[in-house]
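Visitor: Sharing a structure, written as structure tokens. Questions coming.
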Amino acid sequence: MIRRPPRSTLSSSSAASDVYKRQLLQGLETLSLRVERHNENAQSLAEWLEAHPAVESVSYPGLKSSQYHELAKKYMSQRGHGMMLSFTMKGGYEQAVKFIDGLELASHLANVGDAKTLVIHPASTTHQQLSEQEQISAGVEPTMVRVSVGLEHIDDIREDFQQAFDKAAA
């Protein structure tokens, strides 16, 4: 059974409630545009990374090279394949950490689905409590970087990634 808050709570928060409702509606009105931009940016970044000399591999279902591409085409929207991707860098663990540390536009956070591009190095953060062998068994390579691609202009995202690759190589 859902209990209704006391009347005094409802009346004192009605103005705030109206603001929240308005913000929710505004957010819903632009949701399809934001999702479209997330998808476009993720596809573009995945293709750019796949061709990048510092990158070993890219995991994104929108890439024709993905083992999941046909399934993604069948089950996912024709408007895109999501905002999440991961890639492994050439080099070692330290190079991947330097890449993360070198980013300026993208934020180093474990969150997903933000308007900003978010990156994380799982081997040194979310999976650091596991041994290297346990990480590999869990699908976490020492040079893997997970990306939640944001709404920024794709040229800005690529530029940020390139300067971080340059710093990691130095």
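The values are calculated or read from the model by the stated rules, or taken from the named source; none is laboratory data. Owing to the predicted nature of the structure, the values given are computational and were not obtained by experimental measurement. For neighbour counting, all protein chains shown are included, and Cβ atoms are generated from backbone atoms with ideal geometry for every residue, glycine included. Just the protein is used for accessible areas: all its heavy atoms, side chains included, with ligands, DNA and RNA removed. Shrake-Rupley method; radii C 1.70, N 1.55, O 1.52, S 1.80 Å.
Visitor: Condition check: at pLDDT below 95 and part of a loop (DSSP other than H, G, I, E, B). Does G62 satisfy that?
Guide: Working: at pLDDT below 95: yes; part of a loop (DSSP other than H, G, I, E, B): yes.
In short, yes.
Visitor: In the stretch 44-57, what count of residues is obtained for those that are closer than 14 Å to A96 by Cβ and under 16 Å from the mean Cα position of the chain (by Cα)?
Guide: 1
Visitor: Given the condition part of a helix (DSSP H, G or I), open to solvent by less than 70 Å² (accessible area, probe 1.4 Å) and farther than 23 Å from P122 by Cα, answer yes or no: does some residue in the stretch 46-58 qualify? Working first, answer last.
Guide: Taking the stretch 46-58 first, the residues part of a helix (DSSP H, G or I) are 46-50.
If we keep only those that are open to solvent by less than 70 Å² (accessible area, probe 1.4 Å) as well, we get 46, 48-49.
So of that shortlist, the ones also farther than 23 Å from P122 by Cα come out as none.
For the stretch 46-58, residues part of a helix (DSSP H, G or I), open to solvent by less than 70 Å² (accessible area, probe 1.4 Å) and farther than 23 Å from P122 by Cα: absent.
Visitor: Only one of these is of a type outside the set (D, E, K, R) and in contact (Cβ under 8 Å) with a residue 40 or more places away in the chain: G62, G80, G27. Name it.
Guide: Numbers: G62 fails: in contact (Cβ under 8 Å) with a residue 40 or more places away in the chain; G27 fails: in contact (Cβ under 8 Å) with a residue 40 or more places away in the chain.
None of the other options fit; the residue is G80.
Visitor: Also, I was wondering about something else. Taking the condition open to solvent by 60 Å² or more (accessible area, probe 1.4 Å) and modelled with pLDDT under 85, does L10 pass? Steps first, answer last, please.
Guide: Details: open to solvent by 60 Å² or more (accessible area, probe 1.4 Å): yes; modelled with pLDDT under 85: yes.
Yes.
Visitor: List the helices (runs of 4 or more DSSP H) that sit entirely inside the stretch 81-170 and contain at least 1 residues that are surrounded by fewer than 16 Cβ atoms within 10 Å (Cβ to Cβ) and under 17 Å from the mean Cα position of the chain (by Cα). Walk me through how you get there before you give the answer.
Guide: Details: elements: 93-102, 132-137, 154-169.
By residue number, 93-102, 154-169.
Visitor: Of the numbered conditions (1) exposed (fewer than 13 other Cβ atoms within 10 Å of the Cβ); (2) more than 25 Å from E132 (Cβ to Cβ), N39 satisfies every one except a single condition; which is it?
Guide: (1)
Visitor: Checking K74 against (1) in a helix (DSSP H, G or I); (2) surrounded by 19 or more Cβ atoms within 10 Å (Cβ to Cβ), which single condition isn't satisfied?
Guide: (2)
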